[in-house]
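These notes are about the structure you will find just below.
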Amino acid sequence: MDDIILVENDKEEIDRIKQALNKTFKIKDLGDLRYFLMMNQRRYALELLKDGGLLECKPAITPFTDITFSVQHLSQFLYKPTIAHYNAVIIILR
């Protein structure tokens, strides 16, 4: 799964581009961009923890590379997640 950010002043042009992409690839429109992670990773992570009720949890000691690998691996199951995937996400968020 790859993400793409479309930037254009003309909303109709964005819609045309999305329709063209959808003819070749199965796409999912995630809506308006809320965060650009390269610049707001801390803010995004804190919001995830708050939304998940995990802001007060004791943090786990996990190297960043392990977190990156785990998130990448779990992202492969976004279309059909199981309870095991959910439990793994909770561990990552802690």
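Here, each number is a calculation from the coordinates, and none is a lab measurement. The model shown is predicted, which means the values in this text are computed figures rather than measured ones. Glycine gets a Cβ as well: all are built from the backbone with ideal geometry, and neighbour counts include every protein chain shown.
Brief remarks follow.
- All lysines inside 29 Å of Lys28 as judged from Cα atoms, apart from same-chain residues fewer than 8 positions distant: Lys11, Lys18, Lys50, Lys80
- Label-point separation, Ala84 to Lys26 (7 Å along Cα→Cβ), nm: 2.2
- Relative to the dominant Cα principal axis of the chain, helix 11-24 is inclined by about 80°.
- Charged-residue dipole, Cβ positions (Lys, Arg, Asp, Glu), the chain about Cα centre, Debye nearest 20: 340
- Per-residue ellipticity at 222 nm, computed for the chain from helices alone with -39500 (n - 2.57) per DSSP H run of at least four residues, works out to -17000 deg cm²/dmol.
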